[in-house]
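Before any comments, here is the structure.
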Amino acid sequence: MLGDGHTVGIVAHATLERQREAVPESVPPAPRPTPLAGLVGSSPAWIHACQQVEQAFRAGEWLAIVGEPGVGKLAVLRAVQLRRQPIGRFVVLEATEGSSGPEWLASTRRSILEDADSVVIRHADRLDGTQLRGISAALQEARAATRAQPFWAAVTYWELAPKPDKELPRLLQLFPRTVEIPPLRLHLEDLLQLVPLFLSRSGRGTPPVCSPEAMRMLMRMSWPGNAEQVHQMLDEIVTRRRGGVIGPDDLPPATHTVSRRVLTSLEAMERDAIVRCLTDSDGNKMRAARSLGMSRATIYRKIREYGIVAPSRSHPDSD
């Protein structure tokens, strides 16, 4: 608006956007695309391992998969087979059942030569010399046979398993390619997708969700049992909590520590008792010490020794 050559005001038009609805903190981030159906995880180490397994299957290369117990070796193989050969006959031969005697070896030979298009020998490091030689012979016979459907084989093992038989290296010579599945502690960021997946598969009505505070505690752990340990822990929580939000108090005592030292059974029991008393005392160390019959100095020393993360207090009590 102009008056005698000077600006005396302006007229502005503004469009107000509707405020976006806040996302509750307890809702986990949406999973990003993953390479294989039924699997989650987007860390480079996990994606690379999955891609290597799929490349070997696609090329028809027999594959050895090595990794710690619980990392998901069989899960990756199943996902690859379902994507690449969904109607093929996929047979898993569990080596831990090999102690049943010669019947197991005869059944295994029949599966390799007659029943399977793809076969996985699981936990091969737990087989004895006789079983390893029998499987090696059956695999070589299957490889030489003429089939309508190309035969593919994989073997899983953990190289640090106690006292593997000397015949194991001979069996592994049949598998020219090796892929290592990384332990969970090397891709902890995948817990952000793994935890919601396991909770959604609980099969007990509307599953609970994991709060950000509880998720941070889970991501501090080293998870020696890997993804299988996470699954078992969440399954136990869901049996107690059928819905709602999983908070720090719902987690087992071991998640309240950041210690990397392996505790003895007696130390683990003492740590668990301290964590429970701290939780019951709303994080007040003096009250927890009195409940345990400990001195103030002792409980502080134990908290440091075990790497216990005391829960936050909701009121300003004295320590």
Of all residues in segment 217-236, count the ones that are of a type in the set (A, V, I, L, M, F, W, C) and over 17 Å from LYS73 (Cβ atoms).
6
Out of (1) at pLDDT 90 or above; (2) surrounded by fewer than 16 Cβ atoms within 10 Å (Cβ to Cβ); (3) charged (D, E, K, R), the one ARG84 does not meet is (1)
Considering each residue of segment 266-309, count those that are without any contact (Cβ under 8 Å) to a residue 40 or more places away in the chain, open to solvent by 30 Å² or more (accessible area, probe 1.4 Å) and not in a helix (DSSP H, G or I), and give that number.
4
In segment 203-226, what residues are open to solvent by 20 Å² or more (accessible area, probe 1.4 Å) and of a type in the set (Gly, Ala, Ser)?
GLY203, GLY205, SER222, GLY225
Please verify whether segment 122-135 includes one or more residues that are in contact (Cβ under 8 Å) with a residue 24 or more places away in the chain, out of contact with any Ser or Thr (no Cβ under 9 Å at 6 or more places or on another chain), hydrophobic (A, V, I, L, M, F, W, C) and open to solvent by 10 Å² or more (accessible area, probe 1.4 Å).
no
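Quick grid of which residues meet (1) more than 18 Å from LEU197 (Cα to Cα); (2) surrounded by 10 or more Cβ atoms within 10 Å (Cβ to Cβ); (3) among the hydrophobic types (A, V, I, L, M, F, W, C); (4) at pLDDT below 90:
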{"residue": "GLY5", "(1), (2), (3), (4)": "yes, no, no, yes"}
{"residue": "VAL40", "(1), (2), (3), (4)": "no, yes, yes, no"}
{"residue": "GLN51", "(1), (2), (3), (4)": "yes, yes, no, no"}
{"residue": "PHE57", "(1), (2), (3), (4)": "yes, yes, yes, no"}
{"residue": "ALA64", "(1), (2), (3), (4)": "yes, yes, yes, no"}
{"residue": "GLY67", "(1), (2), (3), (4)": "yes, yes, no, no"}
{"residue": "ALA75", "(1), (2), (3), (4)": "no, yes, yes, no"}
{"residue": "GLU94", "(1), (2), (3), (4)": "yes, yes, no, no"}
Which pairs turn up if I take residues in segment 191-220 that are under 17 Å from ASP250 (Cα atoms) and look for partners that are open to solvent by 30 Å² or more (accessible area, probe 1.4 Å) and in a helix (DSSP H, G or I) with beta carbon separation below 6 Å, at least 6 apart in sequence or on another chain?
PHE198/HIS231; PRO207/SER200; GLU213/PRO248; ALA214/PRO248; MET217/PRO248; MET219/LEU188
Restricting to segment 172-219, give me the number of residues that are under 25 Å from THR279 (Cβ atoms) and among the basic types (Lys, Arg).
2
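Residues checked against (1) farther than 30 Å from MET219 by Cβ; (2) surrounded by 15 or more Cβ atoms within 10 Å (Cβ to Cβ); (3) polar (S, T, N, Q):
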{"residue": "ALA138", "(1), (2), (3)": "yes, yes, no"}
{"residue": "GLU141", "(1), (2), (3)": "yes, no, no"}
{"residue": "VAL155", "(1), (2), (3)": "yes, yes, no"}
{"residue": "GLU159", "(1), (2), (3)": "no, no, no"}
{"residue": "LEU174", "(1), (2), (3)": "yes, yes, no"}
{"residue": "LEU188", "(1), (2), (3)": "no, yes, no"}
{"residue": "LEU191", "(1), (2), (3)": "no, yes, no"}
{"residue": "LEU194", "(1), (2), (3)": "no, yes, no"}
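Do you know which residues across segment 176-199 are among the charged types (D, E, K, R) and in contact with a Ser or Thr (Cβ under 7 Å, 6 or more places away or on another chain)?
Of everything in segment 176-199, those that are among the charged types (D, E, K, R) and in contact with a Ser or Thr (Cβ under 7 Å, 6 or more places away or on another chain) turn out to be ARG185, GLU189, ASP190.
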Residues satisfying the stated conditions in segment 228-248, i.e. open to solvent by 80 Å² or more (accessible area, probe 1.4 Å), without any contact (Cβ under 8 Å) to a residue 40 or more places away in the chain and either under 22 Å from VAL40 (Cβ atoms) or in contact with an Asp or Glu (Cβ under 8 Å, 6 or more places away or on another chain) (or both)
GLN232, GLU236, ARG240
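The values are calculated or read from the model by the stated rules, or taken from the named source; none is laboratory data. As the structure is a prediction and not an experimental result, all values here were calculated from the model. We place every Cβ from the backbone using ideal geometry, glycine too, and count neighbours over all the protein chains shown. Remember, those area values only see protein heavy atoms, side chains included, never the ligands or the DNA or RNA. Shrake-Rupley method; radii C 1.70, N 1.55, O 1.52, S 1.80 Å.
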